[in-house]
Each structure stands twice: as structure tokens, then as C-alpha cells.
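Below you'll find the structure, written out as C-alpha cells, and then a few comments.
The values are calculated or read from the model by the stated rules, or taken from the named source; none is laboratory data. Note that the coordinates shown come from a computational prediction; the quantities given were computed from them, not determined experimentally. For neighbour counting, all protein chains shown are included, and Cβ atoms are generated from backbone atoms with ideal geometry for every residue, glycine included. These accessible areas exclude ligands, DNA and RNA; they are computed on the full protein's heavy atoms, side chains included. Shrake-Rupley method; radii C 1.70, N 1.55, O 1.52, S 1.80 Å.
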Amino acid sequence: MNTDARPLAGKVALVAGGTRGGGRGIAVELGAAGATVYVTGRSSTGGRSDLDRPETIEQTAEKVTAAGGLGIPVRTDHSRPDEVRALVGRIAAEQDGRLDVLVNSVWGGDPLTDWEHPLWEQDLDTGLRLLRQAVETHVITSRFALPLMVARKSGLVVEVTDGNTARYRGTFFYDLAKSAVIRLAVAQAAELRPHGVAAVAITPGFLRSEALLEHFGVTEANWRDGAAQDPNFVHSETPAYLGRAVAALAADPDVMAKTGRALATWGLYEEYGFTDADGTQPDFAAHWAENLQEEYGPLGDPL
């Protein structure tokens, strides 16, 4: 494990979808490790996205800088190739062509997910929109960002997903999107390997995002009260845990040994030794095996 307090000093990262949740956690922890982080998304002080949530890319960038890095917010709709091309052009111009870490964390699919109906009863337009939002955005971003890494023959691409197995995720379009994101990491790893660039997928456990805190009617200060509604919530983790996992990967000089794999916070904390914001080390896979496997079956073997 790299014990340097700022192992990513001088490094440049792009966190696409860094407005909130896991993307924000990753951006902030990359900043805490010393990186310059471009934080992108559609929600900014200039206006909210169609999710109509209050978090903004500017807030995330401020947190990145407060943590010890440099946060640079750039409002970007990653479904629009022209906007992504302009974003990457700006990074190249401002950072002398340097991009060390690309995090594809665009999601925004929660309001598009139908958990109640099988494919043949779902609204097709909504389902296809989810795929465009959650998968095409990643493809577009990588298409324009990867040349910066290939040119330098180094870098790390991180695809943020849900689950690191082939296990069905409860509903068709959600399952397809999250599984496809893992395959994006596999495919990019194959093509990037000759150029010294690594690509991985990563999943958190039970992520305690802003939206989930609201769902349970709690705040980070009293989050454990949410367990009254769902006992599994006690085993949740903050976005910082995911962020520290990504920061550890980005600082690992041997990260190429992991390229093409689907990883998880619950495996990486054992290897790298990081903790969650409160000093604990949540292990959702262990919790699943002990408490949920009998009812729902095995979580699944890592891909």
C-alpha cells in the first residue's frame, strides 16, 4: 500500500458524473490524495438537471479543493459528443495533454428504473433512455478521453457499476445497464493493455448516497436510525469508501495486474487497508453471505 499522504499529487483526473453519490465520493477522495479533479455533470449553479436535485458540480469541486486537491467544475452533458469533445479539449489544453484517471460514473437512472414489471410490460422508451443515460454516456466519454492516456502510455479507467458478478440485478434494463458497464471495462482493458493503460469496473456495497439518506428520512449524523426500516442499512457505506478504493487503485503502481476485472470495495479494503469515513471497514459481501444468502441465493462469484 502506498503510504504517501498525497500519492496522486501532480495527477489529473476526470470524474464524469461527479455531482453526487459515488461520483462525488470518488472525486473528493482523489482530491484528498492530491489530484487535480475535473468534476462534470449536468447539475450546476447555472441550473439543475432533469433529476431536479440540489447537489451541484461546483459543490463537489469545492469539496475536492477543501480535501487537498484542486477541483474544477465543468458542466457537461455526457450524452452529447460535442460537449464531451470540448471538455477533453479543455483538459488537454490546461493540463499539457495529461489525463491520469478517467472515472465513468454517469448514472441518473433511478427515476427511469421500473422495479415492478418484467420487460414485456415496461415502457420501452423509458428503458432505452436508461441505457442511453447509463451506458452510452460512458462510451462517449471514453471515446474522447482515452487518446490522452494512450498518448502517454499510462492511466486508469474506472467504470462504476452495481455488483461485480453476473447475478441478475432485479429488473431488466437496470440489470442490462450495470452488466454492460462491467463489459465496458473488460473491452477497454483488452484494447488499452498494449498501451499501458488499465481499465476496471468497481462497485460499492450498500451505498449511503444523498438520495438514500433522504429515502430513509435520516442524515449522515443519524443515519443508523434508518435501520428501523431496513436492518441491512446498518451495513451501508459512505461514498468516501468507494472514493478511497478508487484512490488506492489510482496510486497503485501495479494496477495493470487488475486490468479487466470487476472489483468491489469489500475486497479492496482488505488489500489496501483504507477505511470508511468513520474508521470502519464495511464488508457487504460478508453481510450478504451471513444474513441474505439463504433467502436470495449467493451474491455471485466476482467476474
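Of the numbered criteria (1) touching a Gly at 6+ places or on another chain (Cβ under 8 Å); (2) exposed (fewer than 14 other Cβ atoms within 10 Å of the Cβ), the one residue 133 fails is (2). Close contacts from segment 282-303, counting a first residue that is hydrophobic (A, V, I, L, M, F, W, C) and a second that is open to solvent by 50 Å² or more (accessible area, probe 1.4 Å) and not in a loop (DSSP other than H, G, I, E, B), with Cβ to Cβ under 9 Å and a gap of 6+ residues or different chains, come to 284/235; 286/235; 288/235; 288/296; 299/289; 299/293. In the set (1) at pLDDT 95 or above; (2) acidic (Asp, Glu); (3) closer than 21 Å to residue 214 by Cα, the condition left unmet by residue 52 is number (1). A Cβ distance below 9 Å, combined with a sequence gap of six or more or placement on separate chains, defines the contacts here; from segment 130-152, residues that are assigned to a helix (DSSP H, G or I) reach no residue that is open to solvent by 40 Å² or more (accessible area, probe 1.4 Å) and modelled with pLDDT under 95. Say whether the condition of being without any contact (Cβ under 8 Å) to a residue 24 or more places away in the chain, of a type outside the set (Asp, Glu) and not in a loop (DSSP other than H, G, I, E, B) is met by at least one residue in segment 108-121. Yes, segment 108-121 contains a residue that is without any contact (Cβ under 8 Å) to a residue 24 or more places away in the chain, of a type outside the set (Asp, Glu) and not in a loop (DSSP other than H, G, I, E, B). What pairs come up if the first residue lies in segment 37-62 and is open to solvent by less than 30 Å² (accessible area, probe 1.4 Å), the second is among the aromatic types (Phe, Trp, Tyr), and their beta carbons are under 9 Å apart, counting only those six or more places apart or on different chains? Pairs that qualify, where the first residue is open to solvent by less than 30 Å² (accessible area, probe 1.4 Å) and the partner is among the aromatic types (Phe, Trp, Tyr), are 61/38. For segment 213-246, the set of residues classified as in contact (Cβ under 8 Å) with a residue 24 or more places away in the chain, touching a Phe, Trp or Tyr at 6+ places or on another chain (Cβ under 8 Å), part of a helix (DSSP H, G or I) and over 21 Å from residue 183 (Cβ atoms) consists of 232, 233, 235, 241, 244, listed by residue number. The number of residues in segment 248-295 being in a helix (DSSP H, G or I), closer than 18 Å to residue 236 by Cα and of a type outside the set (Gly, Ala, Ser) comes to 11. Does residue 266 qualify as being crowded, with 18+ Cβ neighbours inside 10 Å, farther than 26 Å from residue 157 by Cβ and either modelled with pLDDT under 95 or not β-branched (Val, Ile, Thr) (or both)? Considered against the rule, which asks whether it is crowded, with 18+ Cβ neighbours inside 10 Å, farther than 26 Å from residue 157 by Cβ and either modelled with pLDDT under 95 or not β-branched (Val, Ile, Thr) (or both), residue 266 comes out as no.
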